[in-house]
Amino acid sequence: MANQITSPRGTADVLPSDSARWQYVEGVLRSVCERFGYQETRTPTFEHTELFQRGVGDTTDVVGKEMYTMEDKGGRSITLRPEGTAGVVRSFIQNGVLAGTLPVRAYYILSCFRYEKPQAGRLREFHQLGIELFGAKSADADAEVIRVAATALKEIGIKNVRLELNSIGCPECRPKYREALYSYFKQYEEQLCDTCRTRLEKNPMRIIDCKSPECQAIAANAPMALDYLCDECRDHFEGVKEYLDDCGIPYSINPRIVRGLDYYTRTVFEFVHESAGAQGVVCGGGRYDGLVGMLGGNPTPGVGFGMGIERLLNVAASEGIEFPAAAGPDLFVGFIGDKGRRAARKLVYDLQDRDVNAVYDINLRSLKAQLKYADKLGARYSLVLGDDEVDQQKAKLKNMADGSETVVDIDPGRLAAAL
């Protein structure tokens, strides 16, 4: 017997018994996005590596350590997408979407890939809802995106989350902040991890996002971006807060949020679950006004977020949220004898053509085993066809929940209407 093949480390199967939870959550997410005017977009699972090097940033952990990159048969460097925004920007530039009516609102549900240590709520292949809003530079756009996330979390039923906000400035005020960070961290250069010593020269703001306890302790007293904002960035941030106040969305200011990707400017935010420990961030996003231009398009403001679906499901489970279970068949058709079997098969096929979830036992077991199978499937109703039922075109329809029975006509159209 050959050795059993198992799934790669850091991946997870979604079994038929789990799929109803996924479908329910994805259904809520789609409904909320579409209610706010966002339309679905889909992009390739892999892109040219340069897209992420330019868009995400080569000083990030994502590009520096976590990407799944390979050379294809044509000698081109290809990478499985580690996040969704860069691919959507590339797609919209390439297909002229941003040359049309603005703003453009888009959402996607896709799988992403990052090589990192697998742990609770963090996998090497994970799934994400993302939304992107292009062509609106006002603070209202930032706040709208935040409101979409808040609405989705509320409608899924997640309660113990808090919204944390920060602003990391723009290309006008960022250089002064970078200078202050560099001067601060330079004092502790020997105590920084190897990665952060490299970041010190390239992008010292990335040190604030380091997960090393030593670097986190040093970063705790680092200068804050809020103290270096230009007047425009400060006014923009006040506008975001005003919108959230007007909508009754509570928030707190967290000056240590910088997010993990280089393309962010101005507003950055996270929704943090209060009891999820180190993996508490269930949604994160912000503004990225320079990304479209960086990837070859005409400068276009953008703002969006990413929300991990596995993490949402884990958080929902920790709160005891129960999602609707998968529905069983509407009708199970049992049979006795060859005549009953053929009639059952024909009736099931005719009902399925009328959008009725109907099944029969294709293993052709005894009637007792068939009815036991119907019970395990969770069928709402059952009926049994034998010679008499086929001749009379009538059968007893049994309610599987309470055991009550009703004589029904087994004409597919009438039976479908009765169900």
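Read-outs: derived from the displayed coordinates by stated rules, not from any lab. Just so you know, these numbers come straight off a predicted model, no measurement behind them. All Cβ positions, glycine included, derive from the backbone under ideal geometry; neighbour counts span all protein chains shown.
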Review point. Counting pairs of alpha carbon atoms under 8 Å apart in space and at least six apart in sequence, what relative contact order in percent does the chain give?
Key: 16 percent
Revision key, fill the gap. GNM of the chain, Cα pairs under 10 angstrom: of Asp140, Asp350, Asp235, the biggest fluctuation goes to Asp350
Revision key, fill the gap. Put in order of increasing Cβ neighbours within 10 Å, starting from the fewest, Lys73, Lys372, Lys339 give Lys73, Lys372, Lys339
Review point. Roughly what angle does helix 139-156 make with the longest principal axis of the chain, taking Cα atoms, 0 to 90 degrees, to the nearest 10?
Key: 30 degrees
Exercise for review: Starting from the Cα gyration tensor of the chain, multiply each eigenvalue by 5, take the square root, and state the resulting semi-axes largest first in whole Å.
Suggested key: 54, 23, 21
Check your understanding: Using θ = phi - 60° and the Karplus form 6.51 cos²θ - 1.76 cosθ + 1.60, what ³J(HN,Hα) does each residue of the range 78-92 get, whole Hz, x for Gly and Pro?
Key -> 10, 10, 5, 4, x, 7, x, 5, 4, x, 5, 4, 4, 4, 6
Review point. When the chain is treated as a GNM, springs tying every alpha-carbon pair under 10 Å, which of Met224, Met67, Met294 comes out with the largest mean-square fluctuation?
Key: Met294
Point to revise | Order of Ile168, Ile309, Ile257 under a 10 Å beta carbon neighbour criterion, fewest first | key: Ile309, Ile257, Ile168
Practice item. Rank the residues Leu133, Leu364, Leu15, Leu226 as a footprinting-exposure proxy: fewest other Cβ atoms within 10 Å of their Cβ go first. Key: Leu15, Leu364, Leu226, Leu133
Exercise for review: Apply the Debye scattering formula to the range 281-419, with a single equal point scatterer on each alpha-carbon and no solvent, then give log10 I(q)/I(0) at q = 0.11, 0.14, 0.15, 0.20 Å⁻¹.
Suggested key: -0.56, -0.69, -0.74, -1.11
Exercise for review: Quick one: compute the contact order of the range 158-289, relative version, from alpha carbon pairs under 8 angstrom and 6+ residues apart, as a percent.
Suggested key: 38 percent
Review point. In terms of Cα to Cα distance under 15 Å, which aspartates and glutamates are near enough to Lys73, apart from those fewer than 8 places away along the same chain?
Key: Glu47
**Study point:** Point-to-point label distance, Glu125-Ala326, nm (Cα→Cβ direction, 7 Å offset)
**Key:** 1.9 nm
Check your understanding: So what is the 222 nm mean residue ellipticity for the chain from helices alone, if each DSSP H run of at least 4 adds -39500 (n - 2.57) and you divide by all residues, rounding to the nearest 500 deg cm²/dmol?
Key -> -11000 deg cm²/dmol
Point to revise | Taking the range 311-419 and dividing mean pair separation by its residue count, relative contact order in percent (alpha carbons under 8 Å, at least six apart) | key: 28 percent
Exercise for review: Kindly flag which residue pairs out of Lys339/Lys394; Lys117/Lys202; Lys117/Lys159; Lys176/Lys202; Lys376/Lys398 have an alpha-carbon separation exceeding 18 Å in this structure.
Suggested key: Lys117/Lys202; Lys117/Lys159
Exercise for review: Return the long-range amide H neighbours of His127 (sequence gap of 5 or more, or a different chain), with a cut-off of under 5 Å between placed amide H atoms.
Suggested key: Cys112, Ile309, Glu310
